[in-house]
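The values are calculated or read from the model by the stated rules, or taken from the named source; none is laboratory data. In this text, all values refer to a predicted model and were calculated from it rather than measured experimentally. Reconstructed Cβ throughout: ideal geometry from the backbone, glycine too, with neighbour counts over all protein chains shown. Please note that ligands, DNA and RNA were not included when accessible areas were found on the heavy atoms of the full protein model with its side chains. Shrake-Rupley method; radii C 1.70, N 1.55, O 1.52, S 1.80 Å.
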Amino acid sequence: QVQLVESGGGLVQAGGSLRLSCAASGRTFSRYGMGWFRQAPGKEREFVAAINLNCDYTYYADSVKGRFTISRDNAKNTVYLQMNSLKPEDTAVYFCAAVRGLVVTTDSRRYDYWGQGTQVTVSS
């Protein structure tokens with residue numbers, strides 16, 4: 001069992017930055033690939049970024065490539081999402097999720113555990 005708790009969301013102006021954190025419970029964090037997803041009002045949840053358990057592979061949605069950076073610290077059981085050059089269309093609830101093993105996937109159905117989400121609002 002892995003419990004995930006996101007933090008770091010808030011209100012920011014367009015062009016600004018935020019760093020989201022996701023703290024995981026348990027000793028097996030390093031056995032999981034991690035992903036960030038987001039869901040805007042009235043829209044389906046969408047993939048944002050993922051990182052494998054060894055920290056040597058990352059993957060991004062085209063909409064955030066070059067602006068967002070995913071990273072993780074296995075010693076701290078934490079995954080991060082650094083978000084720069086934020087746009088109003090980045091406004092959403094952001095969720096972190098964990099998937100067992102070596103998988104890095106954009107498919108939300110393959111993730112085993114989810115956090116409760118943190119709100120990010122970007123004003124124009």
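Rg to Rh ratio, segment 41-106, alpha-carbon atoms and Kirkwood radius? Rg/Rh: 0.96. For the chain, leaving out every one of the trypsin sites (Lys or Arg not before Pro) that falls in a DSSP loop and has at most 11 other Cβ atoms within 10 Å, the longest unbroken run is 66-124. I'd like the chymotrypsin sites (Phe, Trp or Tyr not before Pro) in segment 53-112 restricted to DSSP loop residues with at most 16 other Cβ atoms within 10 Å, sorted by number. Here the chymotrypsin sites (Phe, Trp or Tyr not before Pro) that fit, given the DSSP loop and packing criteria, are TYR57.
In order along segment 39-54, the Karplus-derived 3J(HN,Hα) couplings, from 6.51 cos²θ - 1.76 cosθ + 1.60 at θ = phi - 60°, round to 9, 8, x, x, 10, 6, 5, 10, 5, 10, 7, 8, 9, 7, 6, 8 Hz, and Gly and Pro are given as x.
Express the carbon and sulfur contribution to the solvent-accessible surface of the chain as a percent, rounded to the nearest whole number, probe 1.4 angstrom. Within the chain, the accessible surface is 45 percent carbon and sulfur. Accessible surface area normalised per residue over segment 7-49 is 53 Å², counting heavy atoms of protein chains with a 1.4 Å rolling probe. If the chain linking ASP62 and LYS76 were pulled fully straight, counting 0.36 nm for each residue of separation and taking away their Cα-Cα distance, it would gain 2.2 nm.
Alpha-carbon geometry of the chain: the Rg and the Dmax are 13.3, 41 Å, given in that order.
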